[in-house]
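Here's the structure we're looking at; comments come further down.
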Amino acid sequence: MNKNRKYLVTAALPYANNFIHIGHIAGAYLPPDIFVRYKRLIGEDVIFISGSDEHGTAIEMASITEKISPREIIDRYHFANQKAFKDLGINFDIYSRTSNKIHHETAQEFFLNIFNKNILIEKTEKQLFSEKENRFLADRFVTGTCPVCGYEEARGDECPNCGSNLSPLELINPRSKITGDIPLVKESTHFYFPLGDFQNDLSDWLNGKKGWKQNVINYCKGWLKAGLRDRAISRDLDWGVKIPLKGYDGKVIYVWFEAPIGYISATKELFIERNEPEKWKDYWQNKDTKLIHFIGKDNIVFHSIIFPAMLMAHGDYILPDNVPANEFMNIGGEKLSKSKGNGILVKDITEKFSPDVIRYTLSSNFPETKDSEFTWKDLQVKNNSELAGILGNFVNRTVVFAKNKFDNKIPDLNKLSPADEVIFNYFKSQSGKLDELYDSFRFREALHNTMDCARAANKYFNDNEPWKSVKTDPEKCGSVIRVCLELCHSIAILINPFLPFTSEKILRILNVTDKDLKWQNIGKTVLVTGNSLGENMILFPQIEDSEIQKLEQQLEDGESVKSAPTHKALPQGIITVEDFKKVSLKVARVIECVPVPKSKKLLKLKLKIGDSEKQIVSGISEYYKPDELIGKLIVVVNNLVPSKLMGVDSDGMLLAAKLNGELRIVTIDGDIETGADVN
RNA sequence: GCCGGGAUAGCUCAGCUGGUUAGAGCGUCGGAAUCAUAAUCCGUAGGUCGGGGGUUCAAGUCCCUCUCCCGGUACCA
């Protein structure tokens, strides 16, 4: 192993406008923590960097809507998330933040470096300018009428109704979202990063990469194939890193460009704290350092295309050695997305379960090759039958035995029996296998192999039956228990990357320090005959069904769309009566019907349903004239979530049959009161 | 609609460049043991690898097609 090699490990910078949830942890934070802990056990030089990403329109917007300063927003999430990581034992060397001065300086230096090399392109474009605020308005700060659908609250970047991509200049009657005043059109200059210029270099660089995960490679190839385009790297915004040039007041560096530089700033900050202000260069400017970015798949393009291109442009820094991106972890079949608000937040789960139980459950099901699923039931099963049953039980039965039969002291071990040799050798060979697994980022399999050691230890205990030999051959019994105690110590090393808290507890139970907590000591004897053991404790208390049921219930209540497989093993596409009953079908009479202006297919219908009236929009004007429909009795889905089509409210859907370009509306045979249920 | 990614034992997941009887953990069932948190150990059963077609001496693994699910995109009966 190359002794000079250093590792610079980063975890994605979480955006400071939300709380971290367990999907993030499984994707981008726990894997690097495990990796780093392993590397330290084998004695490698590693630093582990992350921090909050604290700039950008979303945060400035949030500060405006909540009527507090951006600083208050980012403080709230930065400190909460910092604590969340700590509670889970995710130990960054530094968890910095991009609002720090050193980051602003570093990002500006980076910008100037490539600006001075004439790499950046300047483009002047027309943009909306607010006189009242004396600044240009970023896309999201403009609101107005959508030119496509007529919706009056369209945003500058897109219309939330019809989904059209817009530019603020296209809006009819644009207004500032902040002050409401009417902006002027002025010319504004922006910088662009010519990504396309790096296409070939990136391509060559990526092609030379060995051992990258297939999903990452595929994703990059897709981008390269589509061709890389210039990307704006400045924005008209207050909240961010200022463009360090004269004449660019009110402009900041676009957050996508500035945020990843945060990895560099954070490294600088770390070594300033350590009183070695130049040492960061040993990592960022040292060809022997391996830079590894742990991220979720949504971040692949930034870490394997854009940031490397930036680093190439700058020239003084190393490029990533690997970008082991994970997929997503879902919950109950739903994506753990912060925008949907249905994730399990770290701050909530750590109140209920110990960090190692959470770490174990997530690790055993990391989304390494595809999206994976988290369930509370799974957490319970993992705790009760694996952690408690296999690992906790082995430590406990060994220590209790020593306590009861050997006065809580470590018995002697004279000569290793063949069985002792076998178990120690097994541990050693497992540790070798684990080396490969860790280095190829296969943590799930690594955990499995780690647990195999605990299984083997239990088997050793069973096979050697110390409860029998204690009566017939106390010396032999003592050596068996001694071996088991040594195995406990080895297990403390083996599980350390995954279960650091438990690892430490085992050391305390064995009454030893962490001086022998080294990878090379796996399968070796390190304890001292005659020393007393510490106080025993139950490592993993059982988790009761009732506790899990409560959490499952909460999840279901909190999220109505959760797919609850009450009837399992139904053939695909088959639904239950309950499923069907969710749909409320009603008879309705068409009382008004007009085309939606500018639309090709849409008709707006006013319906009478019992005593109420409602409006729906239907894409049937190619088949029916408005007049044909008035007075007809039709069937509508009455409990559909309301939506807007081209800016027109639609609160339901009519039923129609369609085949090969023919479309016929479902009508009622004879007369019946509107509002009647259809089933 | 289009572009990606999926669909493998009851559950959660492995299966790299195609190669002997398709794997693991947990769960099930049976047995052994009783030191231990009713925790362990051994053994058993379980899959026509989403459906259909094709290439090949040989396909879960390659090609075509269909169905369903998940992302991204799109004026959605």
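Against the conditions (1) surrounded by 15 or more Cβ atoms within 10 Å (Cβ to Cβ); (2) among the charged types (D, E, K, R); (3) closer than 15 Å to A:LEU494 by Cβ, A:GLU552 satisfies every one except (3). So which of A:ASP435, A:ASP473, A:ASP463 ends up being acidic (Asp, Glu), touching a residue at least 24 places away in the same chain (Cβ under 8 Å) and open to solvent by less than 80 Å² (accessible area, probe 1.4 Å)? So the residue among A:ASP435, A:ASP473, A:ASP463 that is acidic (Asp, Glu), touching a residue at least 24 places away in the same chain (Cβ under 8 Å) and open to solvent by less than 80 Å² (accessible area, probe 1.4 Å) is A:ASP435.
Suppose we keep only residues that are open to solvent by less than 50 Å² (accessible area, probe 1.4 Å) and within 15 Å of RNA strand B (Cβ to nearest atom) within the stretch A:409-432. Which one would you say is nearest to A:ALA26 (Cα to Cα)? Here the residue is A:GLN430. Restricted to the stretch A:438-455, and to residues there that are assigned to a helix (DSSP H, G or I) and open to solvent by 20 Å² or more (accessible area, probe 1.4 Å), the residue that is nearest to RNA strand B (Cβ to nearest atom) is A:ARG455. Contact map, the stretch A:387-408: residues that are more than 6 Å from RNA strand B (Cβ to nearest atom) paired with residues that are small (Gly, Ala, Ser) and assigned to a helix (DSSP H, G or I), Cβ distance under 8 Å, separation 6+ or inter-chain. Pairs shown: A:LEU391/A:ALA454; A:PHE394/A:ALA454; A:PHE394/A:ALA457; A:PHE406/A:GLY478; A:ASN408/A:ALA402.
Looking only at the stretch A:354-389, residues that are open to solvent by 30 Å² or more (accessible area, probe 1.4 Å) and among the β-branched types (Val, Ile, Thr) come to 3 in all. Note on the stretch A:497-536: residues that are farther than 25 Å from A:ASP407 by Cα and within 32 Å of the chain's Cα centre (by Cα) total 8. Would you point out the residue of the stretch A:605-625, among those that are over 16 Å from A:ASN638 (Cα atoms) and open to solvent by 10 Å² or more (accessible area, probe 1.4 Å), that is nearest to RNA strand B (Cβ to nearest atom)? Step by step, filter the stretch A:605-625, then rank; the result is A:GLY619. Being outside any loop (DSSP other than H, G, I, E, B), within 16 Å of RNA strand B (Cβ to nearest atom) and among the small types (Gly, Ala, Ser) is the filter; apply it to the stretch A:187-228 and report the residue that is modelled with the highest pLDDT. Filtering the stretch A:187-228 for residues that are outside any loop (DSSP other than H, G, I, E, B), within 16 Å of RNA strand B (Cβ to nearest atom) and among the small types (Gly, Ala, Ser), the one modelled with the highest pLDDT comes out as A:GLY222. Meeting the requirement of 3 or more residues that are under 16 Å from the mean Cα position of the chain (by Cα) and of a type outside the set (A, V, I, L, M, F, W, C), the helices (runs of 4 or more DSSP H) wholly within the stretch A:338-401 are A:355-363. Scan the stretch A:476-522 for residues that are hydroxyl-bearing (Ser, Thr, Tyr), over 19 Å from A:LYS433 (Cβ atoms) and buried (at least 19 other Cβ atoms within 10 Å of the Cβ) and report the count. Count: 3. Within the set of pairs 6+ apart or on separate chains, which have a first residue in the stretch A:72-85 that is open to solvent by 30 Å² or more (accessible area, probe 1.4 Å), a second that is at pLDDT 95 or above, and C-beta atoms under 6 Å apart? Hits for this filter: A:GLN82/A:TYR95.
Applying the condition of being in a loop (DSSP other than H, G, I, E, B) and not charged (D, E, K, R) to the stretch A:5-21 and asking which residue is nearest to A:ASP45 (Cα to Cα) yields A:ALA12. Here A:CYS488 does not qualify as within 11 Å of RNA strand B (Cβ to nearest atom), part of a helix (DSSP H, G or I) and touching a residue at least 40 places away in the same chain (Cβ under 8 Å). Every listed requirement among (1) within 15 Å of RNA strand B (Cβ to nearest atom); (2) open to solvent by 30 Å² or more (accessible area, probe 1.4 Å); (3) at pLDDT below 80; (4) farther than 30 Å from A:ILE349 by Cα is met by A:LEU585 save one, (2). Residues that are on the phi > 0 side of the Ramachandran plot and in contact with a strand residue (DSSP E or B) (Cβ under 7 Å, 6 or more places away or on another chain) within the stretch A:382-422 comprise just one, A:ASN408. Summed over the stretch A:22-62, residues that are touching a residue at least 40 places away in the same chain (Cβ under 8 Å), assigned to a helix (DSSP H, G or I), among the charged types (D, E, K, R) and open to solvent by 10 Å² or more (accessible area, probe 1.4 Å) total 2. Counting only residues that are over 16 Å from A:PRO418 (Cα atoms) and touching a helix residue (DSSP H, G or I) at 6+ places or on another chain (Cβ under 6 Å), which one in the stretch A:467-484 is nearest to RNA strand B (Cβ to nearest atom)? In this case the residue turns out to be A:VAL470.
The values are calculated or read from the model by the stated rules, or taken from the named source; none is laboratory data. Note that the structure is a prediction, hence the values are computed from the model and not measured. Here Cβ is always computed from backbone atoms with ideal geometry, including for glycine, and neighbour counts include all displayed protein chains. Quick note on the areas: whole protein, heavy atoms, side chains included, nothing else; ligands and nucleic acids left out. Shrake-Rupley method; radii C 1.70, N 1.55, O 1.52, S 1.80 Å.
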